[in-house]
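For reference, the structure discussed in these notes is given below.
The values are calculated or read from the model by the stated rules, or taken from the named source; none is laboratory data. Computed from a predicted model, the values in this text were never measured in an experiment. FYI the Cβ positions are ideal-geometry reconstructions off the backbone, even for glycines, and counts take in every protein chain you see. We work out accessible area using only protein heavy atoms, side chains counted, and drop any ligands, DNA or RNA first. Shrake-Rupley method; radii C 1.70, N 1.55, O 1.52, S 1.80 Å.
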Amino acid sequence: GKYNGGGPPPSPAEAQGNSSWLAHVVQLYCKIVQEEFWALVLLIAIAIPVILIEKWDIVKGLYWMVITGTTVGLGDESPQQPISRALCILYIPVAVYATGRFLGLIASSFVERRDHAMEEKFLSRAMTLSDIERMDLDSDGGVDQSEFLIYMLVTLQKVEEEDIEEILTLFHKLDKTGDGVLTIDDLQQGIKRAGKLAASYNRDASLRGDQVL
C-alpha cells in the first residue's frame, strides 16, 4: 500500500532488518520461557500466596517480584506476615537464579547475533594481499587448505591460537617419520619407542634393586 508516514518510507533493507529483529526478540523470549518454564511456574506459585497474604494489588505485587528477583531490594515493599516471610525463603533464591539466567540469555543472544553479523561481513569481503601473507604460516608463498582453515578459525574467534599450537605440537609429536602425515609407520615407531623405554626403565630398576641387595 501507499506509505503515509511523516518521513521517508523505510528502505527494503531497513524493513527486513526490523522484521528480523522482531522475530529474534520473539524467538528469544520463547527460548527463555521454554528453558526456565518450571522455575517460572515455581516463582508464580510462591508469589501468588505472598501477594494475597500481604493484600497487595497486582502492580505492587509485580513490583515486589521484580525488585526481589533483580536483588535491588529498595525496601519500600517487603512481606510483613510470618507466613509470607517463610515463603520468601524459597522464593528469593529461585527468583535470583531465574533472573540471572534470564539476563544471561538475553546478553548472550545479542552477543551471538552481533558476532554472526560480523562473521557475515568478514566472509563477504574481498580477500587482500595482507590476508594471504598472514595465512601463509610456513612462508612458502602459498596458502594450503590447513593454513586457510587455521587462519579463519582464529580470526573468527572460533578457537584460540594457543589451542591450535597445542594441537599442532601433538601432531608433530605423533609424526615420528617427520613427513607431515600420520601413518601406520608412525604408530609402529611409537610403539617400538615406548617398548624400548619400558625395557630400559625395567633394566635400570633391576640394576638398582641388585645394588640395594
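The table below gives the values:
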{"quantity": "Evaluation of Leu42 against (1) open to solvent by 60 Å² or more (accessible area, probe 1.4 Å); (2) under 16 Å from Val96 (Cα atoms); (3) at pLDDT below 80 (one fails), failing number", "calculated": "(3)"}
{"quantity": "Residues located in segment 147-173, provided they are over 16 Å from Leu137 (Cα atoms) and in contact (Cβ under 8 Å) with a residue 24 or more places away in the chain", "calculated": "Leu156, Gln157"}
{"quantity": "From the options Asp144, Asp163, residue that is at pLDDT 80 or above, charged (D, E, K, R), under 21 Å from the mean Cα position of the chain (by Cα) and surrounded by 12 or more Cβ atoms within 10 Å (Cβ to Cβ)", "calculated": "Asp163"}
{"quantity": "Near pairs, Cβ below 7 angstrom, 6+ apart or cross-chain, from segment 174-187 (aliphatic (A, V, I, L, M)) to any residue that is assigned to a loop (DSSP other than H, G, I, E, B) and at pLDDT 80 or above", "calculated": "Leu182/Asp175"}
{"quantity": "Subset tally (residues that are outside any loop (DSSP other than H, G, I, E, B), open to solvent by less than 80 Å² (accessible area, probe 1.4 Å) and without any contact (Cβ under 8 Å) to a residue 24 or more places away in the chain) for segment 111-138", "calculated": "6"}
{"quantity": "Answer from Glu120, Glu133 - the residue that is farther than 30 Å from Gln27 by Cα and at pLDDT 80 or above", "calculated": "Glu133"}
{"quantity": "Residue selected from segment 178-191 under the condition part of a helix (DSSP H, G or I) and at pLDDT 75 or above, by the criterion farthest from Ser146 (Cα to Cα)", "calculated": "Ile191"}
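Rundown of residues vs (1) at pLDDT below 80; (2) loosely packed, with under 14 Cβ neighbours inside 10 Å, yes/no style:
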{"position": "Gly5", "(1), (2)": "yes, yes"}
{"position": "Pro8", "(1), (2)": "yes, yes"}
{"position": "Ile32", "(1), (2)": "yes, no"}
{"position": "Lys60", "(1), (2)": "no, no"}
